[in-house]
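Taking it in order: structure first as structure tokens, then the write-up.
Taken together, the values in this text are just the output of simple stated rules run on the coordinates, not laboratory data. Remember, predicted model here, so these are calculated numbers, not experimental data. Counting neighbours? That spans all protein chains shown, and the Cβs are built from the backbone with ideal geometry, glycine included.
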Amino acid sequence: MSRLRLVLLMCGMLSPLSAFGASPDPKDLAVPQQELSKARELVQQLGSEVYREREDAQAELAKMGRLAKQALVDGATNDPDPEIRLRCGRLLPKANADDLKARIETFLADTESKYDHDLPGLKTFRKHIGATPEARALYVELLKSPYNLDLLAAIDKGEVEGGRAISDRRAMLYADMQYRPVVPGGKPFVPKQPTLPDIAVLLFAESLVSSENIPKNSPWVWINGATFLQQNPSMQALNGNGTHAKAYKAIVAQWLATRSEATELTNLSYQLNNNNLKQFKETLPLLRRIVLTDGVQGYAKGQAIMSLVQQRGKDEIPFLKAILKNELRLGDYPGVFVVRPGDPAPDPNKIITLNNDMMVQQVWFQKPNGMAETHTSTLKDVALAFLLNQGGQDLRSYGYEFPPGFVPNPNQLGYGNYAFTSEEKRTAAFVKYGFWQMKESMKEPVPKGKEPAKEPVKEPAKDPVKRPGPDLPPPPPALPPDK
């Protein structure tokens, strides 16, 4: 447990916060000069040669609480006397906690958000989630837990400190959810579900810290934000239930837009087809990111392709064709990769490869003799299957085979129940599809306004009697008759 959490717990910060009688203006928290002078004198008395004077000074400084904070900071960091530095260091945690409590009460009194407040994560929270009444109400809920305050404070210190705090918080929340064996003579442990503020602050923190800076040092290295996203308080808020639903959705939208770690993307592949997550515009780029990211399991990529087609139908045909070609132009799919703050924007003309030969699923084919054989269904096999399905074609006519007894349903095409049983059949299928595309392109009508220019029709030449005109010389005079 961090020092901040320990002191907050000792000071009763877990109890409901009250701003009764507090001023909403943070300037009113300024320490009067006489109090600051008194605290500095007491700090110097901590180095007295008389033990009783040192003890009395320490007791007086403890009573001053937050009013002595600055003097204690100076004494703990700058005073040459080791006795003063030691005693100031012991007093400083409680002074910090008292100061934080006063700042929180001032923030709570500022119900109209007229002032700027120095609180853990508040500026960052307002920057990304907004300063709306809904966002403020959710932030107030975050303040009620010292664990959430500790996480917000770590985020303010940078990605390294924030990453460590995220890792610890994940492990703690997941441990609280698990059943534990009862020690003989001990009390049974009742699993505890995370609250919506617990989940909200974790997802908010994860959206600000890159996965490379979050250590995986707990027994549950696969645990990440996706684990808590599917918990009941989160699902209820995503469904629009509860007073904090709107602000929580803003956090989830930012979190979805920043997911890039392969394990988390694998976990998310099944969740993104949930109606509660389909409502976010960030879902479609995230599904494509699952397909394109190295390290994501093949079955997760197959699930992502299926979700894309189910949600967008024929509009997803260009992406499926990019998988077949094994090339994708970044500019055609903005937002498909996460750009961290400070990183240069990707070149929109950059072409990336997709590794379309990777295995999506092993398909088992039971034989009449009781034996079985397996065949691999690759990423490009799945993409081709959905292209054929969108074009109303029969997969069997292209050489796809299904396990015995399986009846394919064109309206519910999956990704793990068909395969090519040889490389020759796979090659023949792609060649056949290439010829089919060529024939279909020849049938496509020319877009209106782009018809080729028509040559003027030339009428057959006539031999009219030429008459004098402005452009013809007059006929010669007639010759006299012969005599």
Compute the projected area of the convex hull of the Cα atoms of the stretch 120-258, averaged over all viewing directions, and report it in nm² to one decimal place.
-> 8.7
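Is the stretch 14-170 rounded, prolate or oblate when judged by the Cα gyration tensor, a ≥ b ≥ c being the square roots of its eigenvalues, rounded requiring a/c under 1.5 and prolate requiring a/b larger than b/c?
Details: a/c = 2.64, a/b = 1.70, b/c = 1.55.
It is prolate, given that a/c is not under 1.5 and a/b is the larger ratio.
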Taking amide hydrogens as modeled 1.01 Å from N in the peptide plane, which residues meet the under 5 Å criterion relative to Leu328, leaving out close sequence neighbours?
-> Ile352
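Within the set Lys27/Lys246; Lys246/Lys278; Lys301/Lys380; Lys63/Lys114, which residue pairs have Cα atoms separated by over 22 Å? It would help to have the intermediate numbers written out before the result.
On the way: Lys27/Lys246 31 Å; Lys246/Lys278 16 Å; Lys301/Lys380 11 Å; Lys63/Lys114 32 Å.
Those over the limit are Lys27/Lys246; Lys63/Lys114.
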Would you please state the base-10 log of I(q)/I(0) at q = 0.13, 0.17 1/Å for the stretch 314-389, with intensities from the Debye formula using one equal scatterer on every alpha carbon?
-> -0.55, -0.77
Among residues other than Asn356 whose Cβ falls under 15 Å from its Cβ, what is the net charge (Lys/Arg +1, Asp/Glu -1)?
-> +1
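Kindly provide the helix-only [θ] at 222 nm of the chain, computed as the sum of -39,500 (n - 2.57) over DSSP H runs of four or more divided by all residues, to the nearest 500 deg cm²/dmol?
Numbers: 20 runs with 240 residues, N = 483.
It comes out at -15500 deg cm²/dmol, rounded to the nearest 500.
Quick one: dipole size for the chain, taken about the Cα centre, charges +1 on Lys/Arg Cβ and -1 on Asp/Glu Cβ, in debye to the nearest 20. Could the numbers behind the result be given before it?
Numbers: 61 positive and 56 negative charges, 277 e Å.
Dipole magnitude for the chain comes out near 1340 debye.
Counting only C-alpha contacts under 8 Å and six or more residues apart, can you give the relative contact order of the stretch 235-345 as a whole percent? Please list the in-between numbers first.
Working: 93 pairs, mean separation 27.2, N = 111.
For the stretch 235-345, the relative contact order is 25 percent.
What are the trypsin sites (Lys or Arg not before Pro) within the stretch 138-243 that DSSP puts in a loop, where the Cβ has at most 12 other Cβ atoms within 10 Å?
Numbers: sites: Lys144, Lys157, Arg164, Arg169, Arg170, Lys192, Lys216; in loops: Lys144, Lys157, Lys192, Lys216.
Answer in residue order: Lys157, Lys192.
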Bin all alpha-carbon pair distances of the stretch 244-363 at 5 Å intervals from 0 and give each bin's fraction as a whole percent.
-> 2, 11, 21, 25, 21, 13, 6, 2, 1, 0
Name the residue farthest towards the positive end of the dipole of the chain from the options Ala237, Leu256, Gln366, assuming +1 on Cβ of Lys and Arg, -1 on Cβ of Asp and Glu, about the Cα centre.
-> Gln366
Scattering curve values for the stretch 322-440, log₁₀ I(q)/I(0), Debye with Cα scatterers, q = 0.10, 0.15, 0.21 Å⁻¹ | -0.40, -0.77, -1.19
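How would you order 84-97, 378-391 from highest to lowest mean count of nearby Cβ atoms within 10 Å?
Peptide ranking by packing, descending: 378-391, 84-97.
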Per DSSP, loop trypsin sites (Lys or Arg not before Pro) in the stretch 316-375 with at most 13 further Cβ within 10 Å = Lys350
For the stretch 174-225, which chymotrypsin sites (Phe, Trp or Tyr not before Pro) are in a loop by DSSP, counting at most 16 other Cβ atoms within 10 Å?
-> Tyr179, Phe189, Trp220, Trp222
Near the amide H of Met359, under 5 Å away, which other amide H atoms are found, from residues 5 or more places off or on another chain, if H is placed in the peptide plane?
-> none
Specify the longest stretch of the chain that does not include any exposed loop site, a site being one of the GluC sites (Glu not before Pro) with a non-H, G, I, E, B DSSP assignment and at most 12 other Cβ atoms within 10 Å.
-> 113-483
If you average 1/r over all unlike Cα pairs in the chain and invert the result, what Kirkwood radius do you get in angstrom?
-> 28.7
Karplus-derived 3J(HN,Hα), 6.51/-1.76/1.60, for each residue of the stretch 384-399, Hz, glycine and proline x = 5, 4, 6, 5, 5, 5, 5, x, x, 9, 8, 4, 5, 5, 9, x
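With +1 on the Cβ of every Lys and Arg and -1 on the Cβ of every Asp and Glu, and nothing else charged, how large is the dipole of the stretch 52-166 about its Cα centre, in debye rounded to the nearest 20?
Details: 19 positive and 21 negative charges, 39 e Å.
Once rounded to the nearest 20, the dipole reads 180 debye.
Roughly how many debye, to the nearest 20, is the charge dipole of the stretch 44-87 about its Cα centre, given +1 on each Lys and Arg Cβ, -1 on each Asp and Glu Cβ, and no other charges?
Numbers: 7 positive and 9 negative charges, 57 e Å.
So the dipole magnitude of the stretch 44-87 works out to roughly 280 debye.
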